[in-house]
1. Return the pairs, sorted by first residue and then second, in which the second residue is at pLDDT 90 or above and in a loop (DSSP other than H, G, I, E, B), the first residue lies in the stretch 7-36 and is more than 15 Å from G55 (Cα to Cα) and among the hydrophobic types (A, V, I, L, M, F, W, C), the beta carbons are less than 7 Å apart, and the residues are 6+ apart or on different chains.
2. Consider V75 against the criteria (1) in contact (Cβ under 8 Å) with a residue 40 or more places away in the chain; (2) in a strand (DSSP E or B): it satisfies all of them except one. Which criterion is unmet?
3. Given the conditions (1) modelled with pLDDT of 90 or more; (2) farther than 19 Å from V17 by Cβ, report the number of the one that L82 does not fulfil.
4. Does any residue of the stretch 88-101 turn out to be hydrophobic (A, V, I, L, M, F, W, C), at pLDDT below 85 and either in a loop (DSSP other than H, G, I, E, B) or surrounded by fewer than 15 Cβ atoms within 10 Å (Cβ to Cβ) (or both)?
5. I need the full set of residues from the stretch 1-45 which are acidic (D, E) and outside any loop (DSSP other than H, G, I, E, B), in order please.
6. Quick check on my filter: what residues within the stretch 1-52 are in contact with a Pro (Cβ under 7 Å, 6 or more places away or on another chain) and surrounded by 17 or more Cβ atoms within 10 Å (Cβ to Cβ)?
7. State whether the residues of the stretch 62-69 include one that is at pLDDT below 95, within 12 Å of P99 (Cβ to Cβ) and in a strand (DSSP E or B).
8. So, of the residues in the stretch 78-87 that are in contact (Cβ under 8 Å) with a residue 24 or more places away in the chain and more than 15 Å from S34 (Cα to Cα), which turns out to be farthest from the chain's Cα centre (by Cα)?
Amino acid sequence: MDQSDARKTLATIYAQVAVAEPVRRIPDADSATSKCHENASRHCTANRGTEVVTGWLILPFYGLTQVWLIPHSVVRCSDGELLDVTPQHDERKTLKFVPDASPLLLSAIVGNIGYFDFVPTDDEAVAAEGG
């Protein structure tokens, strides 16, 4: 994936940040922090009718102009609800999450990239919306 494709993907993701639905956090007892992909996979193996959903955990950073996008995995339950089964370092009961399976996300997971700190320009946001 070249830099231009990465920027378009990020602009598309950022366009979804404002409308991302909260995901309930219900950590599994045997889950470990910083192991979301493994935790979600283990949960789905043990619970029929569930599936792993990859995407981006959204964390605010310095107000509304910037957020961190962290590669993350959650679980889709049989009723369609998304749950985060990974314990975090804070006490929030919900988190914002944008589902994504793009090559950018997959390369971030494989490359163990901890977070993205990008702010799309107005031009990038328009390009992502097809304008």
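The values are calculated or read from the model by the stated rules, or taken from the named source; none is laboratory data. The shown structure was predicted, so the numbers you read here are calculated from the model rather than taken from an experiment. Counting neighbours? That spans all protein chains shown, and the Cβs are built from the backbone with ideal geometry, glycine included.
1. Close Cβ pairs satisfying both conditions: I26/V85.
2. With respect to (1) in contact (Cβ under 8 Å) with a residue 40 or more places away in the chain; (2) in a strand (DSSP E or B), V75 is out only on (1).
3. Failing condition for L82: (2).
4. Step one: filter the stretch 88-101 for residues hydrophobic (A, V, I, L, M, F, W, C), giving 95, 97-98, 101.
So of that shortlist, the ones also at pLDDT below 85 come out as 101.
Now narrow it down to the ones that are either in a loop (DSSP other than H, G, I, E, B) or surrounded by fewer than 15 Cβ atoms within 10 Å (Cβ to Cβ) (or both): 101.
Checking the stretch 88-101: at least one residue is hydrophobic (A, V, I, L, M, F, W, C), at pLDDT below 85 and either in a loop (DSSP other than H, G, I, E, B) or surrounded by fewer than 15 Cβ atoms within 10 Å (Cβ to Cβ) (or both).
5. Step one: list which residues in the stretch 1-45 are acidic (D, E), which gives 2, 5, 21, 28, 30, 38.
The answer is D5, E38.
6. L10, A11, Y14, S31
7. No, every residue in the stretch 62-69 fails to be at pLDDT below 95, within 12 Å of P99 (Cβ to Cβ) and in a strand (DSSP E or B).
8. Within the stretch 78-87, the match that is farthest from the chain's Cα centre (by Cα) is S78.
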